[in-house]
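Novice: I have a structure I would like to understand better, so I am pasting it below and will then ask my questions one at a time.
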Amino acid sequence: MRPIRLFLAVAALTLLTIGNDAMAQTKLSSRQLYSQFQKPDTRYRPFVRWWWNGDRVNAEELIRELHIMKDAGIGGVEINPIEFPAGDDTLDTKPLKWLSDEWIDMLKVVFDEADKIGMTCDLIIGSGWPFGSESLPRDERAEVLLTYAKEVPAGETLEMSLFHIFKEIDPGVTIVNPRRTPELVSICLAPDPMNGLEDAVDLSKNIKDGVLRVDVPEGKWQLYAMVKFESFASVINGAPGAAGSILNHMDAVAVRHYLDHMTDAIEKRIGPLSGRIRALFIDSMELEGNNWTSDFAKVFKERRGYDLLPWLPFTMFEVGRLGDVKSFEYG
């Protein structure tokens, strides 16, 4: 590559990284652009993920590490509390609880020192992924709605416990939530093939003491059940206080409550976050299959004009871990 082409490539790269505020300034000359590239402002330098393992942090060590990163040319950090690695030496350090006064005080130490030495801070929402907490109210925990479909023998009496259905359909997640609760939403018998919803036979009245009992007619029939699991999964690699149940990311009220609770707790202790951090961010949107919330059907009907629930057994696929489809040939 000729020197002039190399220079133009460098100038173009610099333009892409200098931000909106710089772009709004008077157009820079080629010499000025090249000078910025040689000695970039701190805000244009690399940022790094800063793991707070198990939130076992103290002021002296945090300041030491900030200066090490500054001296290495790092411009900013993403503060990320995370579960302490299993089996590793804790070095007699004390774990701090997410959003506790002690933990927030450590944030202040970092914010103050970063401001002093010209570094930028971002802060993760919660800890691990997807975010949640150990004290999350039951009505704000993630939910998943799943379809159970099974061909049943014709001309025979079918007896099946709901426990069997729940076990068969149990969602595959990374960390099972011990508080998970299955709930039967609907159950029906449908001919194969079927011509319309009117062909489906509701079996909800055929359940007694947790056992389904039905005389299956002659012909080819499928049993369909819709099951909702509430509190079905736990935060992956969450630090103390921010582990536990996953937040229902499909519930706008729950999400707003979670975000407000986090920022309110921090700002009550150390004042406004504005000017202290550049952004709050999330690590990942791997929701473990979370696909439902309490008003989903109501809002769908308001927007689309018909009830979604009767159609779900015949339109949803069999899914496994993370909500991935296991089979497209299902029911």
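The values are calculated or read from the model by the stated rules, or taken from the named source; none is laboratory data. Since we're looking at a predicted model, the values are computed, not measured. Because the Cβ atoms are built from the backbone with ideal geometry, glycine has one as well, and the counts that use them run over all protein chains shown. Note: areas computed on protein heavy atoms with side chains; ligands, DNA, RNA excluded. Shrake-Rupley method; radii C 1.70, N 1.55, O 1.52, S 1.80 Å.
Novice: Could you tell me whether residue 76 is open to solvent by less than 80 Å² (accessible area, probe 1.4 Å) and in contact with a strand residue (DSSP E or B) (Cβ under 6 Å, 6 or more places away or on another chain)?
Specialist: Details: open to solvent by less than 80 Å² (accessible area, probe 1.4 Å): yes; in contact with a strand residue (DSSP E or B) (Cβ under 6 Å, 6 or more places away or on another chain): yes.
When the stated conditions are applied, residue 76 passes them.
Novice: Looking at (1) surrounded by 14 or more Cβ atoms within 10 Å (Cβ to Cβ); (2) over 26 Å from residue 202 (Cα atoms); (3) modelled with pLDDT of 95 or more; (4) out of contact with any helix residue (DSSP H, G or I) (no Cβ under 6 Å at 6 or more places or on another chain), which is the only condition residue 270 fails?
Specialist: (4)
Novice: Of the conditions (1) modelled with pLDDT of 95 or more; (2) within 27 Å of residue 329 (Cα to Cα); (3) surrounded by fewer than 21 Cβ atoms within 10 Å (Cβ to Cβ), residue 207 satisfies every one except a single condition; which number is it?
Specialist: Answer for residue 207: the failing condition is (2).
Novice: If you don't mind, there's one more thing I want to ask. Of the residues 297, 265, 279, which is over 28 Å from residue 237 (Cα atoms), among the aliphatic types (A, V, I, L, M) and open to solvent by less than 50 Å² (accessible area, probe 1.4 Å)? Write out each step before concluding.
Specialist: Numbers: 265 fails: over 28 Å from residue 237 (Cα atoms); 279 fails: over 28 Å from residue 237 (Cα atoms).
297 is the lone residue from the list that is over 28 Å from residue 237 (Cα atoms), among the aliphatic types (A, V, I, L, M) and open to solvent by less than 50 Å² (accessible area, probe 1.4 Å).
Novice: Restricting to the stretch 281-296, what's the tally of residues that are small (Gly, Ala, Ser) and within 8 Å of residue 130 (Cβ to Cβ)?
Specialist: If we filter the stretch 281-296 for residues that are small (Gly, Ala, Ser), which is where we start, we get 284, 289, 294.
This time we only want the ones that are within 8 Å of residue 130 (Cβ to Cβ), so: 284.
Number satisfying all stated conditions: 1.
Novice: Among the residues of the stretch 177-204, which ones are more than 30 Å from residue 243 (Cβ to Cβ) and open to solvent by 50 Å² or more (accessible area, probe 1.4 Å)?
Specialist: Filtering the stretch 177-204 down to residues more than 30 Å from residue 243 (Cβ to Cβ) leaves 186-204.
Passing the criteria: 192, 193, 194, 195, 197, 198, 201, 202, 204.
Novice: How many residues are under 30 Å from residue 43 (Cβ atoms), β-branched (Val, Ile, Thr) and touching a residue at least 60 places away in the same chain (Cβ under 8 Å) when one looks only at the stretch 110-168? Walk me through how you get there before you give the answer.
Specialist: To start, the set of residues in the stretch 110-168 that are under 30 Å from residue 43 (Cβ atoms) comprises 110-131.
Now drop any that are not β-branched (Val, Ile, Thr), which leaves 110, 117, 120, 124-125.
Pick out the ones that are also touching a residue at least 60 places away in the same chain (Cβ under 8 Å) and you get 120, 124-125.
Adding up the residues that qualify gives 3.
Novice: Output the strands (runs of 3 or more DSSP E) that fall wholly within the stretch 92-176 and possess 3 or more residues being farther than 26 Å from residue 263 by Cα and in contact with a strand residue (DSSP E or B) (Cβ under 8 Å, 6 or more places away or on another chain), or say none.
Specialist: Working: elements: 120-124, 143-152, 157-161.
Counting at least 3 such residues, we get 143-152, 157-161.
Novice: Among the numbered criteria (1) closer than 22 Å to residue 174 by Cα; (2) hydrophobic (A, V, I, L, M, F, W, C); (3) touching an Asp or Glu at 6+ places or on another chain (Cβ under 7 Å); (4) modelled with pLDDT of 95 or more, which one does residue 242 miss?
Specialist: So the condition that residue 242 fails would be (3).
Novice: Would you be able to say whether some residue in the stretch 80-87 is touching a helix residue (DSSP H, G or I) at 6+ places or on another chain (Cβ under 8 Å), β-branched (Val, Ile, Thr) and in contact (Cβ under 8 Å) with a residue 40 or more places away in the chain?
Specialist: Checked against the condition, which is being touching a helix residue (DSSP H, G or I) at 6+ places or on another chain (Cβ under 8 Å), β-branched (Val, Ile, Thr) and in contact (Cβ under 8 Å) with a residue 40 or more places away in the chain, the stretch 80-87 yields no hits at all.
Novice: I need the full set of residues from the stretch 25-51 which are of a type in the set (Val, Ile, Thr) and either assigned to a helix (DSSP H, G or I) or in contact (Cβ under 8 Å) with a residue 24 or more places away in the chain (or both), in order please. So that I can check it myself, show each step before the final result.
Specialist: Within the stretch 25-51, the first condition is being of a type in the set (Val, Ile, Thr), and the residues that meet it are 26, 42, 48.
If the condition is that a residue be of a type in the set (Val, Ile, Thr) and either assigned to a helix (DSSP H, G or I) or in contact (Cβ under 8 Å) with a residue 24 or more places away in the chain (or both), then 42, 48 are the ones that fit.
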